[in-house]
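These notes concern the structure reproduced below.
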Protein chains: 2
Amino acid sequence: MDTSQPPRRVTIIDVARHANVSTTTVSKVLRNAYGASPEMRAKVREAIAELGYRPDAAARGMRGQTYTIGVMLPTIRNPFFADILDGLTDRLRDTDYQILLGTGGDGEDTEERMTDAMIDRRMDGVVLIAPVSSRARLEQIAGLVPTVIVGRHGNSPLYDVVTDDDFVGAALVVEHLSALGHRRIAHIDHSETDPTRLLEMPNAVRAEGYRHAMRAHGLADEIDIVATSYTQEGGYIGAQRLLARPRRPTAIFAGADFVAMGVLEALAEAGLKVPEDISVAGYDNTTFAAFAPVSLTSVDQAGHQIGSNAARLLLERISHRQAPSSQVKLTPKLVVRGSTGRPSVPD
Amino acid sequence: MDTSQPPRRVTIIDVARHANVSTTTVSKVLRNAYGASPEMRAKVREAIAELGYRPDAAARGMRGQTYTIGVMLPTIRNPFFADILDGLTDRLRDTDYQILLGTGGDGEDTEERMTDAMIDRRMDGVVLIAPVSSRARLEQIAGLVPTVIVGRHGNSPLYDVVTDDDFVGAALVVEHLSALGHRRIAHIDHSETDPTRLLEMPNAVRAEGYRHAMRAHGLADEIDIVATSYTQEGGYIGAQRLLARPRRPTAIFAGADFVAMGVLEALAEAGLKVPEDISVAGYDNTTFAAFAPVSLTSVDQAGHQIGSNAARLLLERISHRQAPSSQVKLTPKLVVRGSTGRPSVPD
DNA sequence: CAGAATTTGGGGAACGTTTCCCAATGTTCG
DNA sequence: CGAACATTGGGAAACGTTCCCCAAATTCTG
């Protein structure tokens, strides 16, 4: 590493000198804190503008806040997360907070590395989207930094939670398909083995909602769940297994749009037409679902609202560390498109 | 804000005390710096493990490095960026650096806010993906922090550049279509007005590559570019305009897969079959292009390699701030799929 | 074996903020 | 009008590191 220095950054001391005040006063102005007269504020602001001063976030972090909010998401590949992020961003736009993103990957270890990194950087708060870490770990994090968990059910006194009602979402799909005349409605789930996480993960709640709705519609005997994974490949494999059934389903409810993509591939390969031969529904209402040639019936989760609620809760938690935790549950809605229709051979 | 404190974090002083050494020594061990014997190292590491110590990144930033690398991307919606990010992540996995992402939006102002935020947080280096800022601004950033620019042509002594050869990529598409027998090959470009940026933006280079290749194949008279925007809507509108031509094109080369999505929608709406009635090619080889029912011929940019090269250059620049800047240009390849075929009515 | 060079460990001053004070001045009120 | 109180501004001590030194001990060298 060589030693050549870019010109030294303007510091709060430079500003204080230039405005003929103390650094304390400048600091007060910066933070809109009590104890500086309007004239002082004006003078300081002018000096700041003239010198082009920007506070050093690292230094601020040593004593006060870093004005940084960390958002962890499993991957940036899922466009649904982008909606959540937009909601967060919009809500925080007019605050002094900056959002920085980190990817948590799909494992507990990589997720831990990322959350640790956020804590080490003294972020003022974190939003964890669909985390896979154990509940104990989540509580540990929440004990160290204001935390909001998104997209994972189950609550804790230590953190706030924002979810979409996956139970209702799954029911919406079953209702829709049932109303169209379907009886053999199968579901593709993500297989989860860890018992503690089991009930908190959205996929499990969707599966439960599916089961419940099937029973409610008198279709208890038709309940048929294939557990693969929430990936395109998982959908492909799941569909293949379902097609191999002696009495094969007339409709497939995939747990995510991604999964539906795989299902559609498998169906196309098998020479089946959608929705004439078989209906398909997804979950998340991604751009992909909306794309006309695909036209996938899907459940819309209002990602934007999820994000904006998460931001609101986080700001509240930052200012009231000890307030009782709250849970926000949003209601999804079904977007019906061309991939679902009446079954060709009514049961 | 209330005052309740989570238990104080373990500091370097606690470690020093616990290991019966000075903080200096602990610091040396942490940074693998010269001046600590193997025995000391062992002793210190043990203390670190016992206490569960983690260095405070904010405090480190005050004197030394933050071990943080900022990656700015315009949006997380474009799955191509995910490939680049994977490349970056893989390359940095075994280093002490942590990647944090920021979205730059689509404007110079929001991009400036994000880059400023990264600089304020003393990031050790930044990777800017497809930035829209002015060249002067990019050089200003590069003067303050080691910088690698990705996906934007044009070089500077101040920063390193990694691009894909968009000129060649566009030519690949034209060659392919021409070989199939197409002559009326139209192109949908992103309209850019700013003159300084004009030649550096990938879309401009693609358009130029298209023109050049058309001429090289004796199709100079058939050059037909519609300038809308690199969005799905831009593709939709562009396609509509092209279909309204008296002699309409037999093939459309969209500047991005996103754009091709819009094109496909417009074609479906017009009742045209792909590729029987008209061929379509995209750029970026996103998941969407690979999706079987779409099966879009597209140019693959090797995002992973782009990312891994960017990471390599950044690490080099961090350790040799003054080294001459380098430019890496990767070669794209064409992925032929079902959306392109022989023209139905040969010219 | 003396002197030089190297290795090892540590003391303490930065780094750029915020925040706890305290002092001076102005204001209110009984 | 004097005491209590509010307002305004600033001095200086944190915060948790790194890094420039220096001193002591050890090893090398001729």
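The values are calculated or read from the model by the stated rules, or taken from the named source; none is laboratory data. Just so we're clear, the structure is a prediction, and the values are computed from it rather than from any experiment. Here the Cβ positions follow ideal geometry from the backbone for every residue, glycine too, while neighbour counts run over all protein chains shown.
Structure above, values below:
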{"item": "Residue list for segment B:43-73, restricted to those being touching a helix residue (DSSP H, G or I) at 6+ places or on another chain (Cβ under 9 Å) and more than 30 Å from B:Ala117 (Cβ to Cβ)", "result": "B:Lys43, B:Val44, B:Arg45, B:Glu46, B:Ala47, B:Ile48, B:Glu50, B:Leu51"}
{"item": "Positions within segment A:11-27 being within 8 Å of DNA strand C (Cβ to nearest atom) and either without any contact (Cβ under 8 Å) to a residue 12 or more places away in the chain or farther than 20 Å from A:Ala58 by Cα (or both), in sequence order", "result": "A:Ile13, A:Ser22, A:Thr23, A:Thr24"}
{"item": "Matching residues in segment B:167-193 - criterion: being under 15 Å from B:Ser279 (Cα atoms) and charged (D, E, K, R)", "result": "B:Glu175, B:Arg183, B:Arg184"}
{"item": "Odd one out for B:Tyr53, checked against (1) modelled with pLDDT under 95; (2) assigned to a loop (DSSP other than H, G, I, E, B); (3) within 14 Å of chain A (Cβ to nearest Cβ)", "result": "(1)"}
{"item": "So A:Lys43, is it farther than 22 Å from A:Leu314 by Cα, basic (Lys, Arg) and touching a residue at least 24 places away in the same chain (Cβ under 8 Å)", "result": "yes"}
{"item": "Filtered residue count, segment B:148-160, keeping only those that are buried (at least 23 other Cβ atoms within 10 Å of the Cβ) and either among the small types (Gly, Ala, Ser) or within 12 Å of chain A (Cβ to nearest Cβ) (or both)", "result": "1"}
{"item": "Criterion: within 23 Å of A:Tyr210 (Cβ to Cβ) and within 14 Å of chain B (Cβ to nearest Cβ) - qualifying residue of A:Val280, A:Val335", "result": "A:Val280"}
{"item": "Leading residue by the ranking (nearest to the other protein chains (Cβ to nearest Cβ)) among those in segment A:161-173 that are of a type in the set (A, V, I, L, M, F, W, C) and touching a Leu at 6+ places or on another chain (Cβ under 8 Å)", "result": "A:Val162"}
{"item": "Top-ranked residue of segment A:316-333 - restricted to ones that are in contact with a Ser or Thr (Cβ under 7 Å, 6 or more places away or on another chain) and not hydroxyl-bearing (Ser, Thr, Tyr), ranked as nearest to A:Gly70 (Cα to Cα)", "result": "A:Arg321"}
{"item": "Selected residue (only one of A:Tyr34, A:Tyr67 is among the aromatic types (Phe, Trp, Tyr) and within 11 Å of DNA strand D (Cβ to nearest atom))", "result": "A:Tyr34"}
{"item": "Lone qualifier among B:Arg312, B:Arg321, B:Arg342 - being crowded, with 17+ Cβ neighbours inside 10 Å and basic (Lys, Arg)", "result": "B:Arg312"}
{"item": "Qualifying helices (runs of 4 or more DSSP H) (wholly inside segment A:159-256; at least 2 residues being over 27 Å from A:Arg77 (Cβ atoms))", "result": "A:166-180, A:202-216"}
{"item": "Scan of segment A:56-87 for residues that are more than 7 Å from every other protein chain (Cβ to nearest Cβ), without any contact (Cβ under 8 Å) to a residue 12 or more places away in the chain and over 20 Å from A:Leu315 (Cβ atoms), ordered by number", "result": "A:Arg63"}
{"item": "Of residues in segment A:289-332 being of a type in the set (Val, Ile, Thr) and within 14 Å of another protein chain (Cβ to nearest Cβ), the one nearest to the chain's Cα centre (by Cα)", "result": "A:Ile318"}
{"item": "Test: residue in segment B:46-65 that is of a type in the set (S, T, N, Q), closer than 21 Å to A:Ala58 by Cα and within 8 Å of DNA strand C (Cβ to nearest atom)", "result": "no"}
{"item": "Criterion: within 11 Å of another protein chain (Cβ to nearest Cβ), touching a residue at least 24 places away in the same chain (Cβ under 8 Å) and closer than 28 Å to A:Gly235 by Cα - qualifying residue of A:Val259, A:Val274", "result": "A:Val274"}
{"item": "Single residue of segment A:28-45 satisfying the filter (within 14 Å of chain B (Cβ to nearest Cβ) and near DNA strand C (Cβ under 10 Å from one of its atoms)) that is farthest from the chain's Cα centre (by Cα)", "result": "A:Tyr34"}
{"item": "Given (1) crowded, with 24+ Cβ neighbours inside 10 Å; (2) of a type in the set (S, T, N, Q); (3) assigned to a helix (DSSP H, G or I), index of the condition B:Ser298 fails", "result": "(3)"}
{"item": "Evaluation of A:Gly87 against (1) within 12 Å of DNA strand C (Cβ to nearest atom); (2) within 30 Å of A:Ala256 (Cβ to Cβ) (one fails), failing number", "result": "(1)"}
{"item": "Whichever residue in segment B:14-30 is outside any helix (DSSP H, G or I) and more than 9 Å from DNA strand D (Cβ to nearest atom) and, among such residues, is surrounded by the fewest Cβ atoms within 10 Å (Cβ to Cβ)", "result": "B:Asn20"}
{"item": "Criterion: part of a strand (DSSP E or B), within 12 Å of chain A (Cβ to nearest Cβ), out of contact with any His (no Cβ under 7 Å at 6 or more places or on another chain) and closer than 20 Å to B:Ile306 by Cβ - qualifying residue of B:Leu128, B:Leu101", "result": "B:Leu101"}
{"item": "Any hit, segment A:79-94, residues being touching an Asp or Glu at 6+ places or on another chain (Cβ under 6 Å), in a helix (DSSP H, G or I) and either more than 11 Å from DNA strand D (Cβ to nearest atom) or among the β-branched types (Val, Ile, Thr) (or both)", "result": "yes"}
